[in-house]
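First up is the structure itself, then whatever we jot down about it.
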Amino acid sequence: MTRPEEFQRRSHLYRVCREAGAQWRAMNGFGVPAHYGDVGGETAAAARLAIADLTALPRAGYKGWGMADWIRDQGVSLPEPNRALRQEDGTLACRLSSGELLLLADDDQAALIDRLGHAWSMDDAVCFPVPRADASARLVVTGDDSAAMMAKMCGVDLRSHRFADHDIAQTSVARMNVIVLRHDRGASLAYDLIFDSASAVYLWGCLVDAMAEFGGRIVGLNAIDALRG
Amino acid sequence: MPFALLKYGLTRRHSVPDVFPEPGELKDSYDIVIVGGGGHGLATAYYLAVDHGITDVAVLERGYIGGGNTGRNTAIIRSNYLTPEGVKFYDESIRLYKDLSNDFDMNILYSERGHYTLAHTDSAIRTMRWRAEVNKHFGIESELVMRGELQKMVPQLDYSEDVRYPILGALYHAPGAIARHDAVAWGYGAGAARRGVHIHQNTEVTGFEITGANGHAGRVTGVKTSRGTVRAGRVLQAVAGMSGEVAAMAGFRLPLKTVPLQACVSQPLKPFLDAIVVSGSLHVYVSQSSRGELVMGGSTDPYGVYMTRSTLDWKEGLMAHMLELLPFISEVKLLRQWAGMTDMTPDFAPIMGETPVDNYYIDAGWGTWGFKATPVCGKENARMLATGEVGDLIQPFALQRYHDFDLVGEKGAASVGH
Amino acid sequence: MKIMPCPLNGPRNISEFSCGGEVEHLPPPDCDHATWIDYVYLENNTRGIVREWWYHTPTAYWFVAERDTRTDEILRTWPAGEFLAEFGERR
Ligand SMILES: Cc1cc2nc3c(=O)[nH]c(=O)nc-3n(C[C@H](O)[C@H](O)[C@H](O)COP(=O)(O)OP(=O)(O)OC[C@H]3O[C@@H](n4cnc5c(N)ncnc54)[C@H](O)[C@@H]3O)c2cc1C
């Protein structure tokens, strides 16, 4: 049986996931929870209410007065602030302000993120990289009840008719600064949460507590992939 | 006797004790005018009469006696501060407090409880040790107690280790006390009034008469009020949250921000908490009053307003932290909530003594920590107003210190700990 | 909860912000001592309408808000750039 310690990289949450019975697979150099022993049940739960740890997925950030110019030169299409736009290779470009961008990949094929990493140099002084890969954690809350559950933890109205797919709210969730991105998986409502990785265990605990009343479950990446279809 | 009490209880007309003789109209002139009828102003009037025999004094209060922060605080009294200036000053205040019930012939319910400032980190333990050493040097009972011992002294707290702020130890200050704050205001007010001081309620100060102000701040000669102007020999302003406004009437600026501080009490519970417990990291402090209510407070509002409104989010934040210390009170209801306008200085130390205006003195910058200082402020202000000399105890708190970059640096001990 | 209309993020709970103090005029570096002390320590502590710097913590975003300290009403907000363009760098 694979153990998370066999991998070079691990999420801040690996102990918590191990305790919950995670079965591990390799991705992007990480050991990630593939499932918790009940793939069918987890996939069904993900459509109702579930959380998963996506910290292993590639991401990057760029910031500065010259960010927009530089990033357009690299062939990236930019959305308005607080919106995300899907790029050709599937990467989501999340505009956090006029001068800040966050890039999120949904699998380990992170062509755009790798290309930008190689293209950037110190000479592009008005645009600099933000260390998102290690400093941030990423979780996802999926399913029909996710908006109702998030309402317990967050003051922004995230209901699906008020907060469209690819809308972003940079706000407070369980008293922490969190970037909330609505990013539906297939037909399922889903919110990705990106936040300071040092508080991952705390926020995970809050989510587990908040979803209990709705019968939510912790699921592996396989269930999330199944939703994406 | 029980029958007399029963009969009194059943009568419809209860006589109101005449604590403050109504002084009637403002006189044309007073030797000393005190602006603000909070504890500090009233104590000053009291000691002017008692210590110095000066009774040609008016206290001008725009509302009612003790309706400001004096009647709104959480009544914590202690002297375990961080700087030598602070420690000496507050210790003198405690000494005076202990005799007040006798002096007034009125019970101020002064109750020594023991004050515990919790430490949740190694660096906090280090600061507590530093404070304990400074305190002991000045003869104040103050010591660091570590977790195991603390657990025996205050067993009510949650000592779990898997919490965000585990309790590692505490600074223990045995003389830490609470008192009935209204009684302090009434005791000083009644004592002053009985000796001839005029206490004018519903009298708002609206300006000052200042002479010789050409190129110089001038000298105060009169006080304008909503009920007319009075001539004054010396003037003291002691108006807490309104300090900036009143100083502006006299023509000078202060390093103060007016920020609300909220507090609340729970429904009465059987006595279970004798200690006063404070946590700087969790921004909470709590004690149980003699009526059984938990008296709770926390940090000041995050931004300034000139209002005494209460907010739900402040309370939610406070209760979240309160439950980390006392998880079993989660079903307890809140009974009352309120706020006061505090006058916060950048170094968390007060501003006392002379001002740029001659014969015009100040008692301000008492922020969230001035109730415990009420007696010593009264004593020192009275001496200053009577003699024109600023005593040693309050010299470090001069307004001039900002001009000299000589701040007091009491922040570590003053914030949240009250 | 009190709502602050953030120029970047729209209406948000005031708990997401911190107040950075009144918009002030930075004196020239060769100003006299009294001017410098006034700038460093003394406060208007305005009772009335005041313009202040505010900071939205989750986005590290500074902007200017105008509010009434007597009523706790927020009257208007500007992105920092717009405010400086309207009132000049030196306000
Ligand atoms: C919620 C809260 C909790 C606190 N807890 C503690 C604590 O536990 N321990 C502690 O030591 N301190 C505490 N404090 C601080 C303490 O209450 C104050 O520092 C202290 O009471 C100040 O007393 P004062 O007499 O200077 O002011 P106040 O009691 O506020 O009196 C000032 C008076 O001036 C009057 N006034 C204002 N403007 C005018 C005018 N123009 N003309 C005439 N009158 C005017 C006001 O109406 C008021 O009555 C707390 C404060 C608050 C708000």
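So that you can scan it fast, the table gives a plain yes or no per residue for (1) modelled with pLDDT under 95; (2) polar (S, T, N, Q); (3) within 29 Å of residue B:283 (Cβ to Cβ):
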| residue | (1), (2), (3) |
| --- | --- |
| B:6 | yes, no, no |
| B:33 | no, no, no |
| B:40 | no, no, yes |
| B:44 | no, yes, no |
| B:58 | no, no, no |
| B:66 | yes, no, yes |
| B:112 | no, no, yes |
| B:120 | no, no, yes |
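Among the residues of segment B:259-269, is there at least one that is at positive phi and either touching a Phe, Trp or Tyr at 6+ places or on another chain (Cβ under 8 Å) or crowded, with 22+ Cβ neighbours inside 10 Å (or both)?
no
If you go through segment B:321-345, how many residues are in a loop (DSSP other than H, G, I, E, B) and farther than 20 Å from residue B:393 by Cα?
Adding up the residues that qualify gives 5.
Of all the criteria given as (1) at pLDDT below 95; (2) closer than 21 Å to residue A:137 by Cβ; (3) not aliphatic (A, V, I, L, M), the one not satisfied by residue A:94 is (1).
For segment B:267-276, the criterion of being touching a helix residue (DSSP H, G or I) at 6+ places or on another chain (Cβ under 7 Å) and either within 14 Å of another protein chain (Cβ to nearest Cβ) or closer than 26 Å to residue B:171 by Cα (or both) is met by no residue.
Could you say whether any residue in segment A:137-159 is within 14 Å of chain C (Cβ to nearest Cβ), surrounded by fewer than 18 Cβ atoms within 10 Å (Cβ to Cβ) and within 26 Å of residue A:14 (Cα to Cα)? Within segment A:137-159 (the criterion being within 14 Å of chain C (Cβ to nearest Cβ), surrounded by fewer than 18 Cβ atoms within 10 Å (Cβ to Cβ) and within 26 Å of residue A:14 (Cα to Cα)), the answer is no, since none of the residues qualifies. Across segment B:33-74, the number of residues qualifying as in a helix (DSSP H, G or I) and either more than 6 Å from the ligand (Cβ to nearest atom) or more than 16 Å from residue B:186 (Cα to Cα) (or both) comes to 12.
Exactly one residue out of C:46, C:77 is under 13 Å from the mean Cα position of the chain (by Cα), in a loop (DSSP other than H, G, I, E, B) and closer than 28 Å to residue B:317 by Cβ: that is C:46. Count of segment A:17-60 residues, restricted to those that are in contact with an Asp or Glu (Cβ under 7 Å, 6 or more places away or on another chain) and without any contact (Cβ under 8 Å) to a residue 60 or more places away in the chain, is 1. Between A:75, A:21, A:37, the distinction of being surrounded by fewer than 17 Cβ atoms within 10 Å (Cβ to Cβ), touching a strand residue (DSSP E or B) at 6+ places or on another chain (Cβ under 7 Å) and in a loop (DSSP other than H, G, I, E, B) belongs to A:37 only. Looking across segment B:234-250 at every residue that is more than 7 Å from the ligand (Cβ to nearest atom) and of a type in the set (A, V, I, L, M, F, W, C), the one that is surrounded by the most Cβ atoms within 10 Å (Cβ to Cβ) is identified as B:236.
Grab the strands (runs of 3 or more DSSP E) fully contained in segment B:268-312, keeping just those with 2 or more residues being at pLDDT 95 or above, closer than 30 Å to residue C:68 by Cα and not acidic (Asp, Glu).
Filter on segment B:268-312 gives B:294-297.
Look at residue A:65 and say whether it is in contact (Cβ under 8 Å) with a residue 60 or more places away in the chain and over 18 Å from the mean Cα position of the chain (by Cα). Judged against the criteria, residue A:65 is a match. Just one of the listed residues (B:331, B:389) is closer than 23 Å to residue B:46 by Cβ, away from the ligand (no atom under 15 Å from the Cβ) and either of a type in the set (A, V, I, L, M) or out of contact with any strand residue (DSSP E or B) (no Cβ under 8 Å at 6 or more places or on another chain) (or both), namely B:389. Does segment A:162-177 include one or more residues that are farther than 17 Å from residue A:57 by Cα, in a loop (DSSP other than H, G, I, E, B) and away from every other protein chain (no Cβ under 14 Å)? Within segment A:162-177 (the criterion being farther than 17 Å from residue A:57 by Cα, in a loop (DSSP other than H, G, I, E, B) and away from every other protein chain (no Cβ under 14 Å)), the answer is yes, since at least one residue qualifies.
Within segment B:171-221, the set of residues being among the β-branched types (Val, Ile, Thr) and more than 27 Å from residue B:52 (Cβ to Cβ) comprises B:178, B:206.
Applying the set (1) within 12 Å of the chain's Cα centre (by Cα); (2) within 14 Å of chain B (Cβ to nearest Cβ); (3) crowded, with 16+ Cβ neighbours inside 10 Å to residue C:83 leaves exactly one unmet item: (2).
For the structure I just gave you, tell me whether residue B:132 is touching a Ser or Thr at 6+ places or on another chain (Cβ under 7 Å) and small (Gly, Ala, Ser). So residue B:132 fits the description; yes.
The values are calculated or read from the model by the stated rules, or taken from the named source; none is laboratory data. All of these numbers come straight from a predicted model, not from anything done at the bench. Every residue, glycine as well, gets a Cβ built from its backbone with ideal geometry; the counts of neighbours run over all protein chains shown.
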